[in-house]
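All remarks here apply to the structure that follows.
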Amino acid sequence: MEEIKQNARRLMEFLDKSPVNFFAVRTVAERLDAEGFTRLDPRDRWNLVPGGKYYMVKNGSAIFGFTVGDADPSAGFRIISSHSDSPCFRVKPHPEMLTEGGVVKLNVEVYGGPILYTWFDRPLSLAGRVIVRSDDPLNPEARLLRFERPLLTIPHLAIHFNRTVNEGNRLSPQKDMLPVIGIIRDKTEKDGMLLRLVAEAVGCSTADILDFDLSLYDTTPACLVGMNDEFITSGRLDDLSMVHASMEALIAAGRGRQTCVMAVFDNEETGSGTKQGAASPILADLLRRITDTFGGNHEDFVRAIERSFMVSADNAHAYHPNYGEKYDPTNHPVPSGGPVIKINARCKYMTDADSAAVFRHICEKAGVPFQYFVNHSDIAGGSTLGNILTSQLPLRGVDMGEAIWAMHSVRETASAIDHTYSIKAFTTFFNL
């Protein structure tokens, strides 16, 4: 029980430090630094050694850590992939909009597929990166920014103006979801209002700010709920719980014959089609560089891929006690039931009988339960990293995740014990 609570506390600390993708990657990098991993610059020539521990960062929002196995370039890889991003709202350029009484709201756009109405009436703030002018136009400086205090709220319309709101309320992202940031008395204060606030926070002039990537986040900390603290509730469990579990497993990985890889991509929630996303060649290039370092050629690389296995770790839908009719009658995972193997006949997941059997055996060796998720046949499901990555690399692999409620809500809920199960399964996988 103490191990479960410790892992839950570590996860909650990780979530609270990671309000957006950039902070999640920085938090992982800081932990890897503390554990003796060496940061690599992808622009440099790499000199890797067997047993070495390394990582690289892409765009500040994706991170790839690995522990090198033997010097045999065809030995293969054990990979756990996840993603750093979560559905939210991004701030548009020139966002200030002045309304009656001097109330200022910000113009934002939807990122990914959030459950919109869960963002109403909450203490929200801003986090992300600010791009600052440098002497080199091609290499401006990126500074991370997080406002710790609540700055924003998205007020809901009172029920008195919409008596049928509880019967269904279609929301317009451009009209209904704009957050309020404050009240001004002088209309001339509006222009550049947010930029001035940002400049003060990062310690530069407004003229030196070239651009920013800022997102809204809920300032309410992660916490345990339930009669016996059975559940973790937090924003961004999808997919930061899998990022955290894979990081813990990589740190615990001993030296084996194969190279162990933790791949944390960005932009899964928008289709992965970016330079730091799973649809790019970034993972394939990384694995080739590792192979090439030890004298490998194309044939060695192909042989290494054929000997590899990937766990695509992205969370699954837990059986909801109020909506049982939405789930497959015989394959619906429950909280605390262990890692979820995800299967789809339309190949939305990379899982097949071979890879499901491999992961099942891993769970058995780890001493943790496992369960299956298959969509209700009348309800279409989404896809994730696994089948996107196999368009780049013909890897064997399985799609899995922890069972959670309210996926894509501003706050999701997971079982505390399931996180310990995931860490044990991932650690066993890396140490087979």
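May I ask you to verify whether Tyr54 is aromatic (Phe, Trp, Tyr) and either free of Cβ contacts under 8 Å to residues at least 24 places away in the same chain or in a strand (DSSP E or B) (or both)?
yes
Here are the criteria: (1) outside any helix (DSSP H, G or I); (2) open to solvent by 10 Å² or more (accessible area, probe 1.4 Å). Tell me which single one Ile79 does not satisfy.
Of (1) outside any helix (DSSP H, G or I); (2) open to solvent by 10 Å² or more (accessible area, probe 1.4 Å), only one is false for Ile79: (2).
Here's the yes/no breakdown for (1) part of a loop (DSSP other than H, G, I, E, B); (2) under 21 Å from Thr259 (Cα atoms):
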{"residue": "Asn387", "(1), (2)": "no, no"}
{"residue": "Ser391", "(1), (2)": "yes, no"}
{"residue": "Val398", "(1), (2)": "no, yes"}
{"residue": "His408", "(1), (2)": "yes, no"}
{"residue": "Ala414", "(1), (2)": "no, no"}
{"residue": "Asp418", "(1), (2)": "no, no"}
{"residue": "Ser422", "(1), (2)": "no, yes"}
{"residue": "Ala425", "(1), (2)": "no, yes"}
{"residue": "Leu432", "(1), (2)": "yes, yes"}
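Going by what's in this entry, would Asp186 be described as of a type in the set (Asp, Glu), open to solvent by 50 Å² or more (accessible area, probe 1.4 Å) and touching a residue at least 40 places away in the same chain (Cβ under 8 Å)?
Answer is no for this residue.
May I ask you to say which residue of Asp85, Asp41 is more than 20 Å from Leu287 (Cα to Cα) and either polar (S, T, N, Q) or in a loop (DSSP other than H, G, I, E, B) (or both)?
Of the residues listed, the single one that is more than 20 Å from Leu287 (Cα to Cα) and either polar (S, T, N, Q) or in a loop (DSSP other than H, G, I, E, B) (or both) is Asp85.
If I ask for residues that are open to solvent by 40 Å² or more (accessible area, probe 1.4 Å), of a type in the set (Ser, Thr, Tyr), in a loop (DSSP other than H, G, I, E, B) and more than 17 Å from Ala414 (Cβ to Cβ), which ones from region 328-372 would you list?
The one that is open to solvent by 40 Å² or more (accessible area, probe 1.4 Å), of a type in the set (Ser, Thr, Tyr), in a loop (DSSP other than H, G, I, E, B) and more than 17 Å from Ala414 (Cβ to Cβ): Thr330.
Test Asp121 against the criterion of being out of contact with any Pro (no Cβ under 7 Å at 6 or more places or on another chain), exposed (fewer than 15 other Cβ atoms within 10 Å of the Cβ) and part of a loop (DSSP other than H, G, I, E, B), and give yes or no.
Against the criterion (out of contact with any Pro (no Cβ under 7 Å at 6 or more places or on another chain), exposed (fewer than 15 other Cβ atoms within 10 Å of the Cβ) and part of a loop (DSSP other than H, G, I, E, B)), Asp121 does not qualify.
Any chance region 23-37 includes a residue that's surrounded by fewer than 17 Cβ atoms within 10 Å (Cβ to Cβ) and within 17 Å of the chain's Cα centre (by Cα)?
The answer is yes, given that some residue of region 23-37 is surrounded by fewer than 17 Cβ atoms within 10 Å (Cβ to Cβ) and within 17 Å of the chain's Cα centre (by Cα).
Please pick out the residue among Arg143, Arg90 that is assigned to a strand (DSSP E or B) and either closer than 16 Å to Val410 by Cβ or among the polar types (S, T, N, Q) (or both).
Arg90
What's the number of the only condition in (1) of a type in the set (Val, Ile, Thr); (2) over 19 Å from the mean Cα position of the chain (by Cα); (3) more than 17 Å from Ile79 (Cβ to Cβ); (4) open to solvent by 20 Å² or more (accessible area, probe 1.4 Å) that Thr390 fails to meet?
The single condition Thr390 does not satisfy is (3).
Take the residues in region 166-199 that are of a type in the set (S, T, N, Q) and farther than 14 Å from Pro95 by Cα; name whichever of them is nearest to the chain's Cα centre (by Cα). Reasoning before the result, please.
Narrowing region 166-199 to residues of a type in the set (S, T, N, Q): 166, 169, 172, 174, 188.
Subsequent filtering for residues that are farther than 14 Å from Pro95 by Cα retains 166, 169, 172, 188.
Details: Asn166: 32, Asn169: 29, Ser172: 26, Thr188: 39 Å.
Among them, the one singled out is Ser172.
For region 124-142, name all the residues that are β-branched (Val, Ile, Thr) and either surrounded by fewer than 18 Cβ atoms within 10 Å (Cβ to Cβ) or touching a Ser or Thr at 6+ places or on another chain (Cβ under 9 Å) (or both).
Passing the criteria: only Ile131.
Kindly indicate the residue of region 305-324 that is farther than 26 Å from Ser84 by Cβ and assigned to a helix (DSSP H, G or I) and also least open to solvent (accessible area, probe 1.4 Å) among those meeting that condition. Steps first, please.
Step one: of region 305-324, the residues farther than 26 Å from Ser84 by Cβ are 306-307, 319-324.
Subset that is assigned to a helix (DSSP H, G or I): 306, 324.
Details: Glu306: 114, Gly324: 24 Å².
Step by step, filter region 305-324, then rank; the result is Gly324.
Among the numbered conditions (1) surrounded by fewer than 16 Cβ atoms within 10 Å (Cβ to Cβ); (2) among the aliphatic types (A, V, I, L, M); (3) touching a residue at least 12 places away in the same chain (Cβ under 8 Å); (4) out of contact with any strand residue (DSSP E or B) (no Cβ under 6 Å at 6 or more places or on another chain), tell me where Leu240 comes up short.
All conditions are met except number (1).
Out of (1) open to solvent by less than 70 Å² (accessible area, probe 1.4 Å); (2) within 29 Å of Ile290 (Cα to Cα), what's the single condition that is false for Ala8?
Going through (1) open to solvent by less than 70 Å² (accessible area, probe 1.4 Å); (2) within 29 Å of Ile290 (Cα to Cα) one by one, Ala8 breaks only (2).
Would a scan of region 184-199 turn up a residue that is in a helix (DSSP H, G or I) and among the acidic types (Asp, Glu)? Steps first, answer last, please.
Filtering region 184-199 for residues in a helix (DSSP H, G or I) gives 187-189, 193-199.
From the residues that got through so far, the ones that are among the acidic types (Asp, Glu) too are 189.
Scanning region 184-199 turns up at least one residue that is in a helix (DSSP H, G or I) and among the acidic types (Asp, Glu).
Which one of the conditions (1) within 21 Å of the chain's Cα centre (by Cα); (2) in a strand (DSSP E or B) does Pro95 fail to meet, given that it meets all the rest?
(1)
I'm trying to understand the selection: among the residues of region 98-114, which are open to solvent by 50 Å² or more (accessible area, probe 1.4 Å) and under 24 Å from the mean Cα position of the chain (by Cα)? Steps first, answer last, please.
We begin by selecting, within region 98-114, every residue open to solvent by 50 Å² or more (accessible area, probe 1.4 Å); these are 98-101, 105, 109-110.
Within region 98-114, Glu109, Val110 qualify.
I want to confirm something. Restricting to region 245-267 and keeping residues that are assigned to a loop (DSSP other than H, G, I, E, B) and polar (S, T, N, Q), which single residue is surrounded by the most Cβ atoms within 10 Å (Cβ to Cβ)? Before the answer, list the steps.
Filtering region 245-267 for residues assigned to a loop (DSSP other than H, G, I, E, B) gives 253-258, 266-267.
Checking which are polar (S, T, N, Q) leaves us with 258, 267.
Details: Gln258: 21, Asn267: 24.
Checking each candidate, the answer is Asn267.
What tally of residues in region 1-38 results from selecting those that are in a loop (DSSP other than H, G, I, E, B) and more than 15 Å from Ala245 (Cβ to Cβ)?
The initial filter retains those residues of region 1-38 that are in a loop (DSSP other than H, G, I, E, B), namely 1, 17-20, 35-37.
Imposing the further condition that a residue be more than 15 Å from Ala245 (Cβ to Cβ) reduces the set to 1, 17, 19-20, 35-37.
Residues meeting the conditions: 7.
The values are calculated or read from the model by the stated rules, or taken from the named source; none is laboratory data. These numbers were taken from a predicted model, which means no experiment stands behind them. All Cβ positions, even for glycine, are placed from backbone atoms using ideal geometry, and neighbour counts span all protein chains on display. To get the accessible areas, we keep the full protein, side chains included, count just its heavy atoms, and leave off ligands, DNA and RNA. Shrake-Rupley method; radii C 1.70, N 1.55, O 1.52, S 1.80 Å.
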